[in-house]
Structures are given as C-alpha cells and as structure tokens.
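Visitor: Please read through the structure below; I'll follow up with questions.
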Amino acid sequence: MCIVAIEEGINIDDESWRLLLVLLDIKTIFVIITLTDQTSMSEVALQCLSSNKLLQMPISGLSHCYHLVIACQFLDVQAVPTDLEKLIQSASNGVPGWIQDLVISLVQQGDLSVETTTRAKALEHGAVMPTPSLLYTTVALATTIDNQVSLDAYFKEVLDKLNAHESHGTNKFKSNEVLALNPNEHIQIAVLADTFDVLNIRMSVDEDVMIMKTYDSLTAFEKMLLKCCSVLGVVFPRQMMEYLVECESRRKIAKAVAKLFSDRVLECEGGDFTQETSKVLVHRSPEIQNAESPYCYCRGTEELIDCADLPKYAFCGYMRFKSTLFQTTTYDLLTEIQKYDLHARAMMFLKQYTRRCWYCGEGCFHKLLGRCTNDGLVNESTDLKNTQEMIQSLAEESRHVTRRLTRSTKSLEHMFQSSVMIRIFSEELLRFPGQGSEIGVLPKSDTHVRSFSSLDVANCECLSIALAAYVQLIVHCRGAGEHEKLFEAYLEYADLCVNSNTPQALCLLNEAETVIMSDEYWSHCRLNCKISWFKDFCLGRIVSLRGGCMLASGELIEARKHLHRALELFRDPFPTTKYQQMIRNMHITVRQWMAFKVAPKAFVGTEDGLIGFFYEEVAITLNRLYTLFIGCKEYSNAELTAKWSFDYALRRNSNFKLLCECYGNMITTHFNNQEFSKCVKIVNMAIELSRRKRGRLDDAEARAVCVLYTTVFLFYVDYGKKNESLEFGLPVMHMVSMLHESSMRVRLVVSVLRLLLSDLHINEMVLLMRENLYMDGEFDLSSTTWYYTYSLMILIETGYCVESYQQCERFYMQHGDTILAFKSKDAAWDYFGCMWLITVRVCAWETSVLWEKKVKEIMSTENKQIEYKIHLQLILLEGWLIMLVREIDAMNESQITIIKETIKNMFGTMSKSCRRAPIYQPSICLAITVREIQPGDRRTDGRTDGQRSLSNRVPFYPLGTEP
C-alpha cells in the first residue's frame, strides 16, 4: 500500500489531474489532497473530483462541545472560569490553534493562573468542568508501533466518548458522571485575574481569531513571505520584500502576493514608478475612487511575461497590511534569531540600494552609515575599496529607453533655460577677458574654476531619498542589534534635519544619547580604544549637533552653551581670557604659515582614521561657533574660530563640505583684515579643491560650494578684479538659481548690480532687477527694498528713471520702518541714503529733514560693517558736501564746523577702507576733488556754482517730475 499526500498550495496542472485519474484505478494507492477553493479549477480537475472513487470531506471548526476540553488539556487543569469558557466559545470558531494561543498568552500576561481547590469550591465559584472521561483514557497504549490492536482500541474509546458526550447536548456538565464525583477531591482550576476585562478584550480577540484562521490557511511559502513583509513594517515596497524572500521564481512570489491580496491580508498603497529614481523612496500615485477590492493602482509596475494568467495586483509595487494587528501578530511569530537575520538583511538592502536621484547620476551617497564612495579627497582605504566593489557588483535593473529619453529632454530643457543673469555673465566673459588672453577669446579651460554645470538641484530628490532611508535604517539597526550603526544613523539623520526640521533633529539626538549611555552599546562596541575618551567624543558630537539646532532656531544663548560644552567634551575648550585667545591665535597663525609656505605636506592631510574624524568633528563645531559669533557681532572671536576650524580641517583635508565652509570663512576673515595675498592663496586652494572633487555634489555640498563661490565672487567684486569675479559669477548664478536660496540670491544679484553700475550697463541692470527683485515684492520685502534702492542709484548716477521719486517715497509710506526689521539692514541704509541725497541735490530742504534724521542714525551705529559699506559712505559724503556748500553760502558757522568735522571723519574712514575695495578709488578721488570747489554766485535756478558742480553728473530735474 502506498499513500501519496499532496500539500495545499501546490500547483496541480491538467496533466497531473489526468495522472491522478489513472492512479485511482490502482486500488493499492491512496491519494490525500487538501483543497480550499474549487471555483477556479479547470474542467479536468472538476471531472477528477466528481469520481465516485474520491471521498470529499469538508473540514470545519470543532464543535463547541469540545472547546472546554481542549482548553483544560492545554492548561492541564480540570476546570476553567465561566467567563473564559464563554469567551472561547464565542470567539474561537472551533480553531484549536487559536484556543492554544489565547490561553498561553493569558498565562504569559499574568491574567490567568492555576490554583488547587476542591470540586465543591470550584462549582461554588461558578467554574465549569468537562467530563473526566474526555480528559483521560483507560486504554493503555503499547510501546511498539506495530501494536495495531491497542491503537484501534484507543481511537475507538475516544470516538465513543465524544459521540456520547455530544449526545447529551447542553446538559453535559450536569451528567451523572460529574455529579457522582467526590466533591472534596482536590483538583487544578484556572483562575482569571481581577483586572481581566472580558468586554474590552472581546473585540481584539475576534480579530485575533480571524488572523489566526487566515494565517493557518496559508502555505509555507506564503507564511514565509508574510513574515518577511512584517519585518519591513505596515507599508513596504515590493523590491525590499523580494530581497528578503530570496526566491528565484518571481512567478511564485507573484502568485503568493495575489493570494494575500485575495485573502484581504495585503492591499495596494499606490506607488508611482513611472518616474522611479530610487529603490527606497516611492512616489504616491492618485488613488482610484470606488474601486472593487482587491485591486492595484500602482503606475509603471513591470508585469512578467509568463504571468499573463495572474491579476494586476499580483505585481503591486507598493503594498501595505490591511490590518496593523496582522503585521504585529505575524512579526511576533518570528524567533529572535529570525528577526535579527531579517533586519540585518533589510539594513544591507538599504545600504546597498540607497542611490541618489536620477538628476544627480544615481550614484551612491557619500555618507550613509559611514563613507561609501571615493570623492577624490582622500586615499582609498581597504574597507572603502571593498564597499565600492560590492556596490559596483550589484546588477542594475534595466530602464526603459523612452523613460531615459524623456528625462534627458526635460533635463536639457531645464539646463538651457535662459536667464538674464546667465546672459549677462556670458556677455561679460567675452567683454572682459583674463590676463594674457585676446579680446573675445575665452581663457583656457585649465584656468577656469569648476562650474559643476551638471548640477541640477532644482529637481533633486536626494534629500527625500536619504530621509526615507534613515527612517527605515533606524528601525532595522535596532531590530538587528547593531547599536553602533544605530547611533550613527541617529546622528546622520539628525544632521539632515537640523535646518529643515529642528524639533525632529532634537528628538533624534535624545534617542542617540539614550543609545550611547546604555550598557548594550559598550558591550557590543568593536572599537579598541579608551572607553572614557570615546564616550566623551560621542557625547560631544551629540551636544554639537544640539547646538546647531539651537543656532538654527535663533536661540543664541543656548547654542553658545552647547557648543562650548561640546568643545569641552572634545578636550579642547574655547579660551576664556584674552591672553589665552592671543596665545591660541598666535599658535594657529604659525601653523597656517607653515602649511601655506614652508612645509604644506607636513601640515596638510596628515591625519586619517579615527583621529582624522575627530579633527573633522571639532572643525564642524568651530564652524557653528563662527556663525554664532558673527550673529552676535563678536568679530575677534569669529576670527579665532575661523582660523582654528581651518587648521583642524586641513589636518585631514578630506571633507569637501567642511573645507568649503572653512575656505569661505577664512576668505571673509582675511578680507576684513585687508590680507589680500592670503585671500588669493585660499582662493587658489579652493579652486584646487573643486578640481579634486569627484562625482556629483549632494544637496549639502552644493550649498557649501555655492556659499564659497559667492564669497569669492564678492571678494573679487569689492577688490576690483572684474575678470576673476566673472569667472566665479557664471557657476554661482547657475547654482543659486536652482538652490532656491532667496537670501543668497539677493546678495549675489546686488553684487552683480554694483558691478554693472560701475560700467553703466543700465539695460542689463533693469532686466536683472525686475527678474530677481521686483517679482518677489509680495513675499520678500528685503528684495523689494533693494529694487527701489537701485532704482534710486540709477537715478543718482545716470539721471535715468526706473521708478519715479514718488513711487519710491510711496514704498516707504506703505512699509515704514518695517524694512529695518530684517537681520541685514544694508538695503534700508542704502535706501535712506539715496533718498536723502536726491532731496539734497534738488534743494528740497524741507523734505530732506526726514531723511537726514535717518542718515544720522546710520552714521551713529556701532556696527563695524558700516565701515566697509564704502558705496553708502560715498553717497553720504556727497550729500554732506552739498550741505556744506549750503551752510557756507548761508554763513552758518556752527553748522559749517559740525559738517566739516563729519566730512573729515568720513575721509579718514574711507581712506582706510578704499584699500580694501579699490573699485571705489576713482569715486573717492572725485570726492576729494569736489571738496576743493569754492562756492560762487547764485544763478537763476537758485543753486550756487558749488551745488551745480556737485550735481553735474546727472541732469537736473525738479523734485516730483520724471525725465
């Protein structure tokens, strides 16, 4: 005799059914088949099942008569409470496995315990008891398997008892067998806790029953797939699920997914894969209204060729559990070892397949739980090479050619969109060639700075991809027990959220501090170093990031506390006395002199590994402190931190973003100290850094490069180097236009306008102003202020009217001193100075009184930066010269003395500042010449010769009229 068992879920084709018909003719073979659904069977299968040689036995749940017996057998007791028996009968639906899970979970939670008492007391408290004959058997089984008589006797006795017991119906517990028992006999009874609430647990119990019934009906492969899905969370992408399942047959996976959809275990979350740029970030697709479940509304999913018979939802790309309880219940069925293994595999998937967006080249992120790419700034280590080889060995999925062409077309259209700023710089590059080059011929390519022309941050999704990856990495690092990687994930995730989501960053830092203070971290730490030093270093990184969060929120006092505390944890505190600061400044200055001129190889790029990483963290903290000191106008401290940070950053010389920030800070510091040769040296180092950079920039690096190039551009503009400034201007315009940095863009546009005004390119100025300043009037009052300010400057310098005086005055009447509420008051100061100069030029003395009060407030400010606003100083100087001529004509000795002293002080200040900005030297020379003009007789227009000489650069128009 041969028995053939066919497991449920095995695919049986028509040929197999025909073979089964042949086997039925062989009477010595028994075939056992378990089937769940006959509605989708073929005609051959139905013909086979209709054979009279097959016995079909519908299987249902156990009768409620046996529920009590099963519960007592699982608990090894003779009685259970009435509430528990009612709960089991109403909710179990006859599933033995569910009854077992319920009583075990109640025991584990402490809601159910076992006590010893007499039968009389148990009946008195309302306990229910099954017939003792159902709990025990009187047939002794033999120890040998071939004792068939004993087995038959055992099964016969059990069946007889069950049939007899079922015939009693509802009176089974009052049978003569139970009543005849000794009431004083001690038995084991299950007792519910006093806190157990049957009414509140009933709803969850009903759902648990449905979950267990559905789970038990699945095949082994479907159960395994479902467990992998539960590790990924409630919502998960198909690609991650397939990576965990490790099944070569994609058809088998599609059939299992279709089964889970039809059983209402999974449902579609709706993913848009037509613009797929990452395996981590999934775009949502619009949901289909009134769709009949099960269905899938994902876009761009790939259907297999050999799966035409499967529905569309079998290839759903973005799924979710229909019930969160189903996900948690399935996850709890995994052993601890299985959880660790699956979480580790999910973490490996995220580390390998988290790629940058299509617009950024789809390469690896520079930092994802450690450096994973070589950006050309540091020599490749063995671990880095192995990581790159592992990532490069992964097979990239093929993409549709049409999708590539569509994206390429859109990218090219975006790159070549014409902008007024880019057109201006393109023309100026031809108009102002570099040294040694002929007119109209661009310099050689090796003399240009790197423009990063392939940068497309406007459509970049790298930040969203990284945020989505870190959210999942934290879960899987915790599930895999990787405490070191969990700590790094918290810090890297918080670093991304410092400026965009500060509260989230603070929460992540609190979690990271909990991890680093736990004993589990240090018990699994693989780093061979002194624990106390490394623990302080980790805490310092957390405190430094927390200080960055406070700095981004504007809490300067708290930021100062945290950043100083971070330096103390780094064992390199900030000097508190002037003497200590002077010593540290001298020490750093000597090191920079050695690095720049004497022995650069001995001071640049000398550290790597953990020590180099430590120096980078200290430099990052000092850069945050530099920003704090600039905001608090502590310029001496800012100079010290800029040099200090630059010294630490050069020791490793491998962090591109950090070096860009340090170069920019040092250029600003040396420029303010009029150390122009050092500025040029650092600019050359920055150009070399941009050439060393490999690959494409990420979002943070793009912003750092943009700030650095803007700083260099402003340095060259103020220093009067038009050729060099234009080389940096074009790439800066390209990057700033895509970064959507309004403050940086306005700052850059203002500098470009100043450069164009020096050569009187009025048409280009008006186009640039209306494209980048005027259109932002409703949203950015600072930009609008700059627009009206430069309209007044054009009127002063050339006499051309972009906006009339009445319109400029109306702007102030509408907004008043609100324009002074911004952090940078440069636009308001220039606006007030221009309005005052125009009223003074046209001899509108009564109107000029209002603006003169504003001018005096500007000149009485203690802000050090006013010294370097040479253009504003020139405007005010011209106005005071006109006022001096007026007072000399009126012979007002007291006012003449006051104005002369003011002009004398201004010339003293400007004589120092002109060395910093040679571009204004011709204007200063003109002002010195004008100072020697003596007043003469009045003419018919009411002005003296001195006043007429001062205003001969522009046509004279009466106040309130347009030319």
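Visitor: Determine which single condition Ile337 fails, assuming it passes every other condition in (1) without any contact (Cβ under 8 Å) to a residue 12 or more places away in the chain; (2) not in a helix (DSSP H, G or I).
Guide: Failing condition for Ile337: (2).
Visitor: Please specify each residue of region 76-100 satisfying the condition of being surrounded by 18 or more Cβ atoms within 10 Å (Cβ to Cβ) and in a helix (DSSP H, G or I).
Guide: Across region 76-100, the qualifying residues are Leu84, Glu85, Leu87, Ile88, Ala91, Trp98, Ile99.
Visitor: Output yes when any residue across region 569-582 is of a type in the set (Lys, Arg) and either open to solvent by less than 40 Å² (accessible area, probe 1.4 Å) or closer than 22 Å to Lys535 by Cα (or both), and no when none is.
Guide: Taking every residue of region 569-582 in turn, at least one turns out to be of a type in the set (Lys, Arg) and either open to solvent by less than 40 Å² (accessible area, probe 1.4 Å) or closer than 22 Å to Lys535 by Cα (or both).
Visitor: Quick one: which of Gly547, Gly554 is modelled with pLDDT under 90 and under 30 Å from Glu701 (Cβ atoms)?
Guide: Gly554
Visitor: Quick one: is Met910 open to solvent by 80 Å² or more (accessible area, probe 1.4 Å), modelled with pLDDT of 70 or more and not charged (D, E, K, R)?
Guide: It is false that Met910 is open to solvent by 80 Å² or more (accessible area, probe 1.4 Å), modelled with pLDDT of 70 or more and not charged (D, E, K, R).
Visitor: A follow-up question, please. I need the full set of residues from region 312-359 which are open to solvent by 10 Å² or more (accessible area, probe 1.4 Å), modelled with pLDDT under 90, touching a strand residue (DSSP E or B) at 6+ places or on another chain (Cβ under 8 Å) and of a type in the set (Lys, Arg), in order please.
Guide: Lys322, Arg355
Visitor: In addition: Look through Glu492, Glu511, Glu520 and report the one residue that is under 19 Å from Ile474 (Cβ atoms) and touching a Lys or Arg at 6+ places or on another chain (Cβ under 8 Å). Break it down stepwise before answering.
Guide: Numbers: Glu511 fails: touching a Lys or Arg at 6+ places or on another chain (Cβ under 8 Å); Glu520 fails: touching a Lys or Arg at 6+ places or on another chain (Cβ under 8 Å).
The unique qualifying residue is Glu492.
Visitor: Which one is modelled with the highest pLDDT, of the residues in region 194-218 that are among the aliphatic types (A, V, I, L, M) and surrounded by 12 or more Cβ atoms within 10 Å (Cβ to Cβ)?
Guide: Leu218
Visitor: Can Val265 be described as among the β-branched types (Val, Ile, Thr), closer than 16 Å to Met240 by Cβ and surrounded by 21 or more Cβ atoms within 10 Å (Cβ to Cβ)?
Guide: In short, no.
Visitor: Test Leu563 against the stated conditions and say whether it is modelled with pLDDT of 90 or more, touching a Phe, Trp or Tyr at 6+ places or on another chain (Cβ under 7 Å) and closer than 17 Å to Trp644 by Cα.
Guide: On the way: modelled with pLDDT of 90 or more: yes; touching a Phe, Trp or Tyr at 6+ places or on another chain (Cβ under 7 Å): no; closer than 17 Å to Trp644 by Cα: yes.
Answer is no for this residue.
Visitor: Something else about it: Against the condition surrounded by fewer than 23 Cβ atoms within 10 Å (Cβ to Cβ), small (Gly, Ala, Ser) and closer than 23 Å to Lys561 by Cβ, how does Ser500 come out, does it pass?
Guide: Numbers: surrounded by fewer than 23 Cβ atoms within 10 Å (Cβ to Cβ): yes; small (Gly, Ala, Ser): yes; closer than 23 Å to Lys561 by Cβ: no.
Against the criterion (surrounded by fewer than 23 Cβ atoms within 10 Å (Cβ to Cβ), small (Gly, Ala, Ser) and closer than 23 Å to Lys561 by Cβ), Ser500 does not qualify.
Visitor: For region 799-839, enumerate the residues that are touching a residue at least 60 places away in the same chain (Cβ under 8 Å), hydroxyl-bearing (Ser, Thr, Tyr) and assigned to a helix (DSSP H, G or I).
Guide: Tyr805, Thr839
Visitor: How about region 586-632: which of its residues are within 24 Å of Leu556 (Cα to Cα) and polar (S, T, N, Q)?
Guide: Thr621, Asn623, Thr627 - these are the residues of region 586-632 that are within 24 Å of Leu556 (Cα to Cα) and polar (S, T, N, Q).
Visitor: Continuing with the same structure: May I ask you to say which residue of Gln47, Gln73 is in contact with a helix residue (DSSP H, G or I) (Cβ under 9 Å, 6 or more places away or on another chain), part of a helix (DSSP H, G or I), closer than 30 Å to Arg18 by Cβ and open to solvent by 90 Å² or more (accessible area, probe 1.4 Å)?
Guide: Step by step, each of Gln47, Gln73 is checked, and only Gln47 is in contact with a helix residue (DSSP H, G or I) (Cβ under 9 Å, 6 or more places away or on another chain), part of a helix (DSSP H, G or I), closer than 30 Å to Arg18 by Cβ and open to solvent by 90 Å² or more (accessible area, probe 1.4 Å).
Visitor: Related question: If Val683 satisfies every condition in (1) among the β-branched types (Val, Ile, Thr); (2) open to solvent by 10 Å² or more (accessible area, probe 1.4 Å); (3) over 23 Å from Asn499 (Cβ atoms) but one, which is the exception?
Guide: Of (1) among the β-branched types (Val, Ile, Thr); (2) open to solvent by 10 Å² or more (accessible area, probe 1.4 Å); (3) over 23 Å from Asn499 (Cβ atoms), only one is false for Val683: (2).
Visitor: Also, quick follow-up: Could you please find all residues in region 601-624 being open to solvent by less than 60 Å² (accessible area, probe 1.4 Å), assigned to a helix (DSSP H, G or I) and either more than 23 Å from Trp533 (Cα to Cα) or charged (D, E, K, R) (or both)?
Guide: Answer for region 601-624, where residues must be open to solvent by less than 60 Å² (accessible area, probe 1.4 Å), assigned to a helix (DSSP H, G or I) and either more than 23 Å from Trp533 (Cα to Cα) or charged (D, E, K, R) (or both): Phe603, Glu616, Glu617, Arg624.
Visitor: When you go through (1) within 25 Å of the chain's Cα centre (by Cα); (2) open to solvent by less than 20 Å² (accessible area, probe 1.4 Å) one by one for Ala642, which number turns out not to apply?
Guide: Among (1) within 25 Å of the chain's Cα centre (by Cα); (2) open to solvent by less than 20 Å² (accessible area, probe 1.4 Å), the lone unmet condition for Ala642 is (1).
Visitor: Looking at Ala256, Ala291 in this structure, which one is small (Gly, Ala, Ser), over 23 Å from Glu461 (Cα atoms), open to solvent by less than 20 Å² (accessible area, probe 1.4 Å) and free of Cβ contacts under 8 Å to residues at least 60 places away in the same chain?
Guide: The unique qualifying residue is Ala256.
Visitor: Also, I was wondering about something else. Please go through region 755-799 and give me each residue that is under 25 Å from Ile882 (Cα atoms), open to solvent by 40 Å² or more (accessible area, probe 1.4 Å) and modelled with pLDDT of 80 or more, ordered by number.
Guide: Leu760, Glu797, listed by residue number.
Visitor: Could you pull out every one of the helices (runs of 4 or more DSSP H) wholly within region 634-707 that has 1 or more residues that are within 27 Å of Arg560 (Cα to Cα) and modelled with pLDDT of 85 or more?
Guide: It comes to 635-652, 656-672.
Visitor: Go through region 466-485 and give me each residue that's open to solvent by less than 30 Å² (accessible area, probe 1.4 Å) and either β-branched (Val, Ile, Thr) or within 16 Å of the chain's Cα centre (by Cα) (or both).
Guide: Once the filter is applied, which keeps residues that are open to solvent by less than 30 Å² (accessible area, probe 1.4 Å) and either β-branched (Val, Ile, Thr) or within 16 Å of the chain's Cα centre (by Cα) (or both), region 466-485 yields Ala466, Ala468, Ala469, Tyr470, Leu473, Ile474.
The values are calculated or read from the model by the stated rules, or taken from the named source; none is laboratory data. The structure presented is a predicted model; accordingly, all values stated were derived computationally and were not measured. Backbone-built Cβ (ideal geometry, glycine too); neighbour counts: all protein chains shown. Note: areas computed on protein heavy atoms with side chains; ligands, DNA, RNA excluded. Shrake-Rupley method; radii C 1.70, N 1.55, O 1.52, S 1.80 Å.
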